[in-house]
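Worksheet: the structure to be examined is printed underneath.
The values are calculated or read from the model by the stated rules, or taken from the named source; none is laboratory data. Since we're looking at a predicted model, the values are computed, not measured. All Cβ positions, even for glycine, are placed from backbone atoms using ideal geometry, and neighbour counts span all protein chains on display. Surface areas here come from the heavy atoms of the whole protein model, side chains and all, with no ligands, DNA or RNA. Shrake-Rupley method; radii C 1.70, N 1.55, O 1.52, S 1.80 Å.
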Amino acid sequence: MGVALVAGVVVGTIAANLMSDRSLPTSILKVFCNAGEAVLLAWLLDRWFGRPFTFCDLRRVGGFFTAVGISASIS
């Protein structure tokens, strides 16, 4: 879970929210949800499958969709 992942989510979320006429405090609050979701997803995939994560079999694809569902539900 790299700093680049979090930095990309932070910059992208703030830019998208400010361009769509949302206030800065709202944009910052959304950053926590979006960055937390990405970090949780990366952590789950790392914990369940190790590094590097690849879509090499059906078990990993199913695990990816399960991790996406869990992280989206929590965020």
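Tabulated data
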| item | result |
| --- | --- |
| Flag if ASP57 is surrounded by fewer than 11 Cβ atoms within 10 Å (Cβ to Cβ), on the phi > 0 side of the Ramachandran plot and among the charged types (D, E, K, R) | no |
| Scan of the stretch 12-48 for residues that are part of a helix (DSSP H, G or I), closer than 23 Å to ILE74 by Cβ and more than 17 Å from the chain's Cα centre (by Cα), ordered by number | PRO25, THR26 |
| Yes/no for SER71 being in contact with a helix residue (DSSP H, G or I) (Cβ under 9 Å, 6 or more places away or on another chain) and either open to solvent by 50 Å² or more (accessible area, probe 1.4 Å) or on the phi > 0 side of the Ramachandran plot (or both) | no |
| Tally, over the stretch 1-23, of residues that are closer than 20 Å to PHE53 by Cα and either charged (D, E, K, R) or touching a residue at least 40 places away in the same chain (Cβ under 8 Å) (or both) | 1 |
| Residues satisfying the stated conditions in the stretch 49-75, i.e. part of a loop (DSSP other than H, G, I, E, B) and closer than 15 Å to LEU5 by Cβ | ARG51, PRO52, PHE53, SER75 |
| Output for the stretch 1-58, where each listed residue is aromatic (Phe, Trp, Tyr) and either farther than 21 Å from ILE70 by Cβ or in contact with an Asp or Glu (Cβ under 8 Å, 6 or more places away or on another chain) (or both) | PHE53 |
| Matching residues, the stretch 1-11, being surrounded by 12 or more Cβ atoms within 10 Å (Cβ to Cβ) and not in a loop (DSSP other than H, G, I, E, B) | LEU5, VAL6, GLY8, VAL9, VAL10 |
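Listed here are the residues, each with its yes/no results for (1) at pLDDT 90 or above; (2) open to solvent by less than 50 Å² (accessible area, probe 1.4 Å); (3) in contact with a strand residue (DSSP E or B) (Cβ under 9 Å, 6 or more places away or on another chain).
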{"residue": "SER23", "(1), (2), (3)": "no, no, no"}
{"residue": "GLU37", "(1), (2), (3)": "yes, no, no"}
{"residue": "LEU40", "(1), (2), (3)": "yes, yes, no"}
{"residue": "GLY50", "(1), (2), (3)": "yes, yes, no"}
